[in-house]
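Notes follow the structure.
The values are calculated or read from the model by the stated rules, or taken from the named source; none is laboratory data. Here the structure is a predicted model, which means the values were calculated and not measured. Note: ideal-geometry Cβ built from the backbone for every residue, glycine included; neighbour counts use all protein chains shown.
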Amino acid sequence: MRTFCATSLHLETLLSHLSDCNTPSGNQKYNFVCFSPDPEEIELYGTSEAAIDHELEVIFAQKGRRDNSAPCPFELEKCRTGLIAVVKVLRAALHEQPDSAILKKWVKDLSKVAEYHYEAASRQDYVDIPEPPPKGKGGRPVDPRLLHIAIRCYKKTDANKITAFRCIGTAKGCTMACKFKTRIKKILGHATTCEHVPRPLKEELDGGLAADTSSPKVARFNTSTSGNSKPSAMTKRALIQPSVEHISKKARMDQLMSQLDADIVQLFCIGGIHPSKVDLPQWKAMWRHVMPSYEPASASKLEEYLIPTEAAFVRRYQLEHLRTCDNLSMTFDGETTRLPESVYTVHVITPDRFVFLFEGNEVSDESHTRAAKHMFKVLDDIIHVGPPRFSGICSDDTGNTRVARKTVQNKYPWIINMPDPSYRMNLLL
């Protein structure tokens, strides 16, 4: 019952703000202020539950419901303040019949419809525009990755129609958009972690970003300069030429910059230091004194590009290794941070006991029921690395994790459901 109260409160909040989503107002048929089931309908259908179900069906889904592949079972034509009162109607009916699956389904369906209108409204904040044709042979070509993950647009409220790029996940709830000058690094870094971007596309992006990050650049340079053979006479003469010396010096400087970028990323990630610290004047002054030619990354570059690209490199390495393993196990659990935020972490364990942190997902805004569905989606995306390679899944036995675990087992019957064996063994002692 507590879960339903939270769900109904969430529905009431959604419906009370539908006017903010540009949903037309003024439809009298959605007025539930003085609603009560028709006595004749109760007599006809046998129960008040069936009578309410029939009347709601006529009001909301007169043209019939959509199938399960649709984003929502039906759409709202117009809204008004009387629509919010439908929550009170359902609460009162469920107070009399707390086990009614039909009435609980109406709460879920209306929540899904309201969320659909919110997502549609977020897409309507921008007007999409087509990509311009190439101007000619010259000029820098457009990064092909952007065409897959960023949609050229402008904001509706912008009279100057300044070009922006929104994430393709906007259609599913993402709100990220950025201006023209910063689009490449910011959008690529965002897309690798956006939960609304399809997993196959994220893996493809990881491959490209992994090659651009600092760590592999340093490794490639170290490999190329690891030989101990003496240069030939021709090489010595070439090295004293100014143009070659300049190129060699620039290569060494680029290698040093990449090494410093990689060291800073590791320091901030392993030390748990917030990226905003790099904008402190003391941090910048230290680097001016140590190496005036080095310009350390800003907080935005560190947070939006350097850290995501390093994470892409790690994920790419993990995937390559895990796709060579069998009998993988997956564990996941949730915790609350000091903000507070509800965060779930997912680990994949190999038979030789190597543990990989594979996913961190924040679900603070999700109700308990929706959190379980959300976690199943996250787990399902990870299992697609290679479903036959997984043999077990484990978590504690709370409501969310239990439902997510069971849903995974229903879809992949060969995966063994292990509900916190350590805790259950401890209960036996």
Residue among Asp352, Asp381, Asp397, Asp365 that alone is modelled with pLDDT of 90 or more, among the acidic types (Asp, Glu) and either in contact with a helix residue (DSSP H, G or I) (Cβ under 7 Å, 6 or more places away or on another chain) or part of a loop (DSSP other than H, G, I, E, B) (or both): Asp352
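Of all residues being aliphatic (A, V, I, L, M) and surrounded by fewer than 19 Cβ atoms within 10 Å (Cβ to Cβ) in the stretch 81-97, which is nearest to Leu9 (Cα to Cα)? Just the residue, please. Working first, answer last.
We begin by selecting, within the stretch 81-97, every residue aliphatic (A, V, I, L, M); these are 83-87, 89-90, 92-94.
After this cut, where a residue has to be surrounded by fewer than 19 Cβ atoms within 10 Å (Cβ to Cβ) as well, the list is 85, 92.
Working: Ala85: 12, Ala92: 14 Å.
Going through the qualifying residues, I end up with Ala85.
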First in the stretch 401-429 and of a type in the set (Gly, Ala, Ser), second anywhere and at pLDDT below 90, Cβ under 7 Å, 6 or more apart: Ala404/Ala372; Ala404/Met375; Ala404/Phe376; Ala404/Leu379
Restricting the stretch 400-429 to residues that are assigned to a loop (DSSP other than H, G, I, E, B) and at pLDDT below 85, the residue that is farthest from Thr324 (Cα to Cα): Leu429
Residues of the stretch 277-295 that turn out to be within 16 Å of Asp263 (Cα to Cα) and surrounded by fewer than 18 Cβ atoms within 10 Å (Cβ to Cβ), as a count: 9
Long-range neighbours under 7 Å by Cβ, at least six apart or interchain, first residue polar (S, T, N, Q) within the stretch 276-293, second in a helix (DSSP H, G or I): Ser276/Ala299
